[in-house]
Amino acid sequence: IVYSNRAYAYEKLYDYEKALADYTSVIDLDKDNPEGYDNRADCYIKMEKYTDALKDLDKAIDLAPENPYYYNNRAAFYEDQENYDEALKDYATVIKISTDDYSTSRAHNNRANVYSKEEKYELAIEEYTKAIAINHQPGVYRNRADVYLELEDYEKARADYTSAIDLD
């Protein structure tokens with residue numbers, strides 16, 4: 001755990017090479033712990049080593065295929081890479097396997113973000129609405145309000161912005 005903590009400190013200091021070395025030490029000590037791969041993937045992303053990051057994200061899922069957290073993280077990676085089809089697949093997997101409200105709501109919200117980027121606004125609204133039904137988070141109301149603005153439905157946008165303010 002000390003290597004992991006030091007790696008995190010190095011990341012916060014923007015010393016990614018040292019962080020990477022410590023995350024690799026964490027993995028060397030426990031090759032079956034998906035968290036080590038997930039953390040190292042984050043470091044690779046910050047270093048813009050996307051192929052290595054994806055390998056580690058895949059490995060985390062291989063080690064914990066029942067854990068929605070790692071699918072959410074890989075989906076976010078795909079989304080950042082504008083690989084929306086793969087992101088949507090991973091978000092769908094999260095929704096299917098998740099047993100906790102946070103992961104499920106996060107996946108619905110993030111799937112809606114993808115739909116919004118693709119200008120599939122009705123699908124985005126559906127997903128934001130599902131996320132809100134699970135977990136009333138101000139950011140989700142704000143996201144849905146942004147879509148209503150795109151659709152020029154100003155009354156619904158105002159209502160969602162008001163809900164976000166009330167919850168914040």
Whether any residue in the range 80-88 is closer than 19 Å to residue 45 by Cβ and of a type in the set (Phe, Trp, Tyr) is what I want to check. yes
Could you tell me how many of the residues in the range 49-88 are within 24 Å of residue 32 (Cα to Cα), acidic (Asp, Glu) and open to solvent by 60 Å² or more (accessible area, probe 1.4 Å)? 2
What's the number of the condition residue 133 fails, among (1) without any contact (Cβ under 8 Å) to a residue 12 or more places away in the chain; (2) closer than 20 Å to residue 35 by Cα? (2)
State whether one or more residues within the range 56-65 are at pLDDT 95 or above and not in a helix (DSSP H, G or I). yes
When you look at residue 53, is it in contact (Cβ under 8 Å) with a residue 24 or more places away in the chain, more than 27 Å from residue 148 (Cα to Cα) and part of a helix (DSSP H, G or I), yes or no? yes
Output the helices (runs of 4 or more DSSP H) that fall wholly within the range 1-48 and possess 2 or more residues being surrounded by fewer than 15 Cβ atoms within 10 Å (Cβ to Cβ), or say none. 2-12, 16-29
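The values are calculated or read from the model by the stated rules, or taken from the named source; none is laboratory data. From a predicted model like this one, the values you see are computed outputs, not experimental measurements. FYI the Cβ positions are ideal-geometry reconstructions off the backbone, even for glycines, and counts take in every protein chain you see. What goes into the accessible areas is simple: the full protein's heavy atoms, side chains included, and nothing from ligands, DNA or RNA. Shrake-Rupley method; radii C 1.70, N 1.55, O 1.52, S 1.80 Å.
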